[in-house]
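What follows draws every value from the coordinates through simple rules; no lab data is involved. Source: prediction; values computed, not measured. In this analysis, Cβ positions are derived from the backbone assuming ideal geometry, glycine residues included, and neighbour counts consider all displayed protein chains.
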Amino acid sequence: MALIALVGASETLPDGGLRALVSLAGETLIERQAARLADVGVTHIAVAVGSVPAELLATCDRIRRRGMRVTSVRTAADLMALAEEDDRIILVADGLRAGGTHYAAIAKPGTPAILVTGDTVLTQGFERIDATRRWGGLACLSPPMVAELAAMPGEWDMMLTLLRLAVQAGARRLYCEPALFEQGEIAIVVDRRVAALIEQSSLQQVEYGGMGLGRSAIMMPLVRLAGPLLVKSPATARYLPYVTGLLWVIVALLAASGLVAAAALVALFGGLGLAAMRFLSAFRAESAGQDRWREIIRTFAWVLLATFPWLMSLGGAAHEAPPFAEAALAPCLAAAILLARWLYEDSGEKRRFHWLLPDADQAWIMLAPSLLFGFAAPMFASLPLLALLQILLWIRLARRPDAR
């Protein structure tokens, strides 16, 4: 059993362009849809087209280079030729922008399902399901529905007719709140003005980086200043993981060479790179791959912080083991940051005051001047205590019933 996607790409904008090719945060809608579909296990996309302009062909080629099969279809018979009897078909509305959680919900194994929402002013661009519900832009169908459409005489709108067949067959309804449409998390892009508004809203709503004082108070605000430029360039998302990883390798090499202050300064730029990767993951088609790379680089940076005094000792003339204040307390600092992350992740929906918790960015920001001016040992000794104090303060404030 395989997952196949039928993605609409025939609706036009007022200026004559295709909805599917509207650029949003530096990528076309159909590329974003393909990336989200790949995240949930789809390997073959059928693109429902009326015509195939050169720009759409080039976009489909880019999607293929990411490892996805792409086939143009015009009729239900074309789609039937691609699907096996036990396959499931994910229907994606033309011009849809939705988050990964919505694709994951509709792709879960089970009977056919339809994403639905309320009938409000903000959802007028979606097809009506009944008197009070509208389509949310995603559905999961079975091949017999496609076969039924293929057997129907005459010409039919493939996307909408399949949706109607799913409704008539009693497909499960997965409800999403209309507020998501107000926030721009789900939308049908009907023109370029709407695309610009969604992009602006998304940039404003990206959270300040999750857990950590250093990232929330310093790194992410800096990244957000450059946010509009970051998301405009596809090359940024493509090369940022390599540049960030290289920065952390340079940190290790500089520390092992005795240039510890320079290493700490480069670590600050490495922290900015990790923050930028997190920022871009909210927009770019490469988000799933970026998240995997970011986790690997972040783990390497955490290990580097724990072993930094030992790397410093390699650069000394005698290559002596570092003093206890550095050798023992640096791992304690890294462990405290790991504990803070575990507590933060375990808090689930009750996450509050996340900016109070210690993180690696805060540690490097405080270590850089201490290494530069020669008081590293006292700083290594005080940072674990400061981290534990931040954790205790966070526990006290975040667990209060009236906390916000």
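Can you tell me what the convex hull of the Cα atoms of the chain projects to on average, as an area in nm²?
Its average projected convex-hull area is 22.7 nm².
Testing the spin-label approximation: label points 7 Å from Cα along Cα→Cβ at Thr161 and Asp15. State their distance in nm.
3.3 nm
List Ile30, Ile296 from most exposed to least, where exposure is judged by having the fewest other Cβ atoms within 10 Å.
Neighbour counts put them in this order, fewest first: Ile296, Ile30.
How would Arg36, Arg292 line up from fewest to most surrounding beta-carbon atoms within 10 angstrom?
By the 10 Å Cβ count, ascending, the order reads Arg292, Arg36.
For the pair Thr101 and Leu259, what calculated FRET efficiency results from E = 1/(1 + (r/R0)^6), where r is the Cβ-Cβ distance and R0 = 45 Å, to the nearest 0.05?
The calculated FRET efficiency here is 0.50.
Against the globular-protein guess of 2.2 N^0.38 Å, express the Cα radius of gyration of the stretch 3-197 as a ratio, rounded to two decimals.
Dividing the Cα Rg of the stretch 3-197 by 2.2 N^0.38 Å gives 0.95.
Taking amide H atoms as placed 1.01 Å from N in the peptide plane, list the residues 5 or more away in sequence, or in a different chain, whose amide H sits under 5 Å from that of Leu6.
Amide H neighbours of Leu6, under 5 Å, 5+ apart: Ala46, Ile90, Leu91, Val92.
To make sure I understand, if each residue's beta carbon is the centre and we count other beta carbons within 10 Å, what order do Phe375, Phe126, Phe353 fall in, fewest to most?
Final ranking by Cβ density, sparse to dense: Phe375, Phe353, Phe126.
Let's test the formula: R0 of 22 Å, r as the Cβ-Cβ distance of Ala196 and Gln124. What FRET efficiency results, to the nearest 0.05? Let's see the in-between values first.
Numbers: r = 19 Å, r/R0 = 0.86.
Taking R0 as 22 Å, the efficiency between Ala196 and Gln124 is 0.70.
Can you tell me the equivalent ellipsoid semi-axes for the stretch 1-67? Use √(5λ) from the Cα gyration tensor, largest first, whole Å.
So the equivalent ellipsoid measures 21, 13, 11 Å along its semi-axes.
Which values, in whole Å and largest first, are the semi-axes of the equivalent ellipsoid of the stretch 79-160 obtained as the square root of 5 times each eigenvalue of the Cα gyration tensor? Walk me through the numbers on the way to the answer.
Values: eigenvalues 107, 57, 23 Å².
For the stretch 79-160, the semi-axes come out at 23, 17, 11 Å.
Under a crude label model (7 Å from the Cα following the beta-carbon direction), how far is Asp86 from Ala2 in nanometres?
Going by the 7 Å Cα→Cβ label model, 1.4 nm.
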